[in-house]
Every structure is written in C-alpha cells, then in structure tokens.
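In what follows, a structure is listed as structure tokens, so that the remarks can point back to it.
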Amino acid sequence: MDGSAHRIDRTSLATARDVRLACRAGKFSGATSGLAPGFAQANLVVLPADLAADFLRFCQRNPKPCPLLGVSEPGSAQLPDLAEDLDLRSDLPGYRVWREGELVAEPESIADWWRDDLVAFAIGCSYTFEAALLAEGMTLRHVAAGSEVPMFRTNIDCAPAGRFFGKMVVSMRPLRPADAIRAIQITSRYPFVHGAPVHLGLPDAIGIADLAHPDYGAPVAVLPDELPVFWACGVTPQAVIAAMRPPFAITHCPGRMLVLDLPDHRCAVL
C-alpha cells in the first residue's frame, strides 16, 4: 500500500464521517494527523475472542499506552458508542494483518480477513490532543507536513497480563522548553488519549538510539533549541503482538487512525 498516495484533498476531510467515507471509498490512505479537527482519533487492535479477556486486562494494567475507549461485540465491525455509520473493515486509511507475530499484509480493507470471532478494541490516540497544542501556538512539524508522527520502541516494560507482554512504544514531538512545560500541563488533562508525556529529553535513557530513524511513522527534525518530548503511544500493542506472537491479529497502520464522532473535549478532564 502506498500511504502517501492521496486521492482526495485533505482539506475536504472536515468531519470524522468525511474521513471514514473517503477511506471506505478507497479515496484516502494517508496520515490522519490534523484531519477532522474537534474529533477524537483511535488506534485499532482486533483479536480473536479467546484472547480478548487477556488483552482487556493488559489495557487496564497499562492505561498510559493503551487507554481503552471502546470494545466491540464479537464479530461486529461497529462501535456504536463512538461512531455512527462505521465499518471497521473499511473505514481506516490503512491496516496491518499479523500471523504468529509476523506482519503478512497491509491492505486498505480487511473485509476479506474478517471473522465472526473477532473483537475490536479502540485505544485512545495522542492526535486527539494536538488541536489543544496547536491552539496554544505550538508548532507540530508532522501536522504541518501531513505525515505520521515519529514513533519509537523503548526499553520500558509494560505490565504483563495473561499472554500479553512487551515494551512500550512512544510518539515524539520536538518542542521548545517553554512549550514542553505547557504541553505537559495541557495533555495531563487528556488521560483517555495517553495523558502527560512519559519522558522528555535524553532519548537514550529509554532505549532510543537515533531520533532520525523512528521505528514507525516519519522522522522530524529536532532543532537545537528544542527538546524531544515523548508520549506513550497506542502502537504499543503492535510491538506486543510481535513479541507474544498470537495466531492472528489486525491493527491499524501506524499514523493512520480511526477517526471517531467522539468530540475531542470528551477525552479531557477539565
């Protein structure tokens, strides 16, 4: 899949439903950062029902990287509490299909992979609080470029649950020190979409060797007057899937999220 191939003008994707329908029609397959301002976005994890209880406990034990927004009924491709007119099989800009922890496909639709025993989990995404950062006049370089945020695997252990274990993934945004302080204050009010950062500065302290080469997403420059600020990331389940190797799983493609009808302010604690 060539996720850079946009077949529709990003500026026309003003609402969450606009984004979902464009994905469903095969007209959009790019990064969702900056799209449909005012609406929350989510990571997607789809697992067989016999793994669902363990993964639910994993999310409960790891609320920073895996803040749970919703869970589907087995076999259902809908999340009615989070979005109307939603089909999880087609309404994201990109998917990943996993077998035994190996990535086997990156389709634009998972209709051919869907099964009656699958349970879908919507996990909060840090793209949701970006509008609040932009409103404070902060520069988010990946938003300006229309690209995915850079994401990195770390040496931070997640709390295991049942069959699930692995390391935390973080997203990184470079900010000037004063903006970093303000960003901590702002994002701490958004616990349902990762909340405050887990680390800032000193990337090697959390196992990141080179900020120019993210494990997921696109690189962004960190200028001399900026600090790298790291938030827990909903791509963590993909690192966990690679580590614990379930027989089958589906996730979103990093940076290409499920856009919800849920207003972003509903993810804040005011």
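The values are calculated or read from the model by the stated rules, or taken from the named source; none is laboratory data. In this text, all values refer to a predicted model and were calculated from it rather than measured experimentally. Don't worry about glycine lacking a Cβ; one is built from the backbone with ideal geometry, like all the others, and counts go over all protein chains shown.
For this structure, a couple of remarks:
- Complete set of residues in the range 218-270 that are free of Cβ contacts under 8 Å to residues at least 40 places away in the same chain and crowded, with 18+ Cβ neighbours inside 10 Å: none
- Candidates are the residues of the range 160-205 that are touching a residue at least 24 places away in the same chain (Cβ under 8 Å), part of a helix (DSSP H, G or I) and out of contact with any Pro (no Cβ under 9 Å at 6 or more places or on another chain); the one that is surrounded by the most Cβ atoms within 10 Å (Cβ to Cβ) is Asp179.
- Of the residues Asp81, Asp91, the single one that is buried (at least 18 other Cβ atoms within 10 Å of the Cβ), acidic (Asp, Glu) and not in a strand (DSSP E or B) is Asp91.
- Residue match in the range 140-152 (condition: in contact with a Leu (Cβ under 8 Å, 6 or more places away or on another chain) and assigned by TED's automatic domain parsing to the domain that holds Arg256): no
- For the range 221-243, a residue qualifies if it is of a type in the set (Ser, Thr, Tyr) and either more than 19 Å from Phe192 (Cα to Cα) or in contact with a His (Cβ under 6 Å, 6 or more places away or on another chain) (or both), but none of them does.
- Tally of residues being of a type outside the set (A, V, I, L, M), more than 17 Å from Val97 (Cβ to Cβ) and in a strand (DSSP E or B) across the range 38-62: 2
- The residues of the range 29-48 that are within 21 Å of Leu134 (Cβ to Cβ) and over 15 Å from the mean Cα position of the chain (by Cα), listed by number, are Ala36, Pro37, Gly38.
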